[in-house]
Amino acid sequence: MSVKGDLRWYLFKFYASLFIALGFRKRAIITFEEMLHQYPNDPYALSSLAYLKTQAGDKAGAISIYKIVVQRSDALASSWYNLGFLQEEVGDIEDAEFSFRKALKLDEKMDLAWYGLGLTLIQQRRFDEAIKALKKNTQLQPMSPYGWYQLARVYVDRQEPEEAVKIIRHLKDFEPKFAKQLERETGLTV
């Protein structure tokens, strides 16, 4: 009998979902942990548990679970992204870069992975690569101000204020709040 055809698997899933809906996050975590004892390496239980640990602030616990998830041959780009996101948050920049690149190998249109990759490259002061990653992010998500904001900051760091001014001008059209923030932070005015 396959795991998905096993009634116990569905009961674990039901109870964990019920606990989440009722706001009993700790009980949901325990239920997913019990589920993993019965169904080791179950991708649904692993991903759900990692998510709940992230929500509970247990980033190290979530990272260790996502590392198990991504070792599966059927690992999704989103799992690699989630791992990279957490690694970047805890300062594991090179590991985060690796994870974002793995996510992009699986889904080159994942705008969030391009953004995360850009952030890790900025932190490593690899500005040329960061610009490429952030430009890809802004192509995929042109109305999100975050990629544009980071791209302008990189241009300022590279002493290319004219490029940053172009971005500020662009942001004024749809996110004036971000444009004003960039003007304040950089001293550039448009």
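Would you check which residues across the stretch 135-146 are under 15 Å from residue 173 (Cβ atoms) and in a helix (DSSP H, G or I) and list them?
138, 145
In the stretch 136-149, which residues are surrounded by 15 or more Cβ atoms within 10 Å (Cβ to Cβ) and either farther than 19 Å from residue 79 by Cα or basic (Lys, Arg) (or both)?
If the condition is that a residue be surrounded by 15 or more Cβ atoms within 10 Å (Cβ to Cβ) and either farther than 19 Å from residue 79 by Cα or basic (Lys, Arg) (or both), then 136, 138, 140, 141, 144, 145, 146, 147, 148, 149 are the ones that fit.
Table: residues versus (1) in a loop (DSSP other than H, G, I, E, B); (2) without any contact (Cβ under 8 Å) to a residue 12 or more places away in the chain; (3) among the aromatic types (Phe, Trp, Tyr); (4) crowded, with 22+ Cβ neighbours inside 10 Å.
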residue	(1), (2), (3), (4)
71	yes, yes, no, no
80	no, no, yes, yes
94	no, no, no, no
108	yes, yes, no, no
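Just to be sure I understand the filter: pairs with C-beta atoms under 7 Å, separated by 6 or more residues or on different chains, first member in the stretch 117-132 and closer than 17 Å to residue 91 by Cβ, second member assigned to a helix (DSSP H, G or I) and of a type in the set (S, T, N, Q). Which pairs pass?
As it stands, the answer is 118/137; 118/150; 119/150; 122/150, since those pairs meet every condition given.
For residue 167, are the conditions met, namely being at pLDDT 95 or above and either part of a loop (DSSP other than H, G, I, E, B) or over 27 Å from residue 82 (Cβ atoms) (or both)?
Criteria met by residue 167.
Determine which member of the set 153, 101 is out of contact with any helix residue (DSSP H, G or I) (no Cβ under 6 Å at 6 or more places or on another chain), under 22 Å from residue 78 (Cα atoms) and in a helix (DSSP H, G or I).
Step by step, each of 153, 101 is checked, and only 101 is out of contact with any helix residue (DSSP H, G or I) (no Cβ under 6 Å at 6 or more places or on another chain), under 22 Å from residue 78 (Cα atoms) and in a helix (DSSP H, G or I).
Mind checking whether some residue in the stretch 17-29 is assigned to a helix (DSSP H, G or I), within 21 Å of the chain's Cα centre (by Cα) and either of a type outside the set (Asp, Glu) or modelled with pLDDT of 95 or more (or both)?
Looking through the stretch 17-29, none of the residues is assigned to a helix (DSSP H, G or I), within 21 Å of the chain's Cα centre (by Cα) and either of a type outside the set (Asp, Glu) or modelled with pLDDT of 95 or more (or both).
Of the conditions (1) surrounded by 14 or more Cβ atoms within 10 Å (Cβ to Cβ); (2) under 25 Å from the mean Cα position of the chain (by Cα); (3) of a type outside the set (Ser, Thr, Tyr), residue 34 satisfies every one except a single condition; which number is it?
It is condition (2) that residue 34 fails.
The values are calculated or read from the model by the stated rules, or taken from the named source; none is laboratory data. Not measured: the values here are computed from a predicted model. Cβ sites come from the backbone with ideal geometry, for glycine too, and all protein chains shown count toward neighbours.
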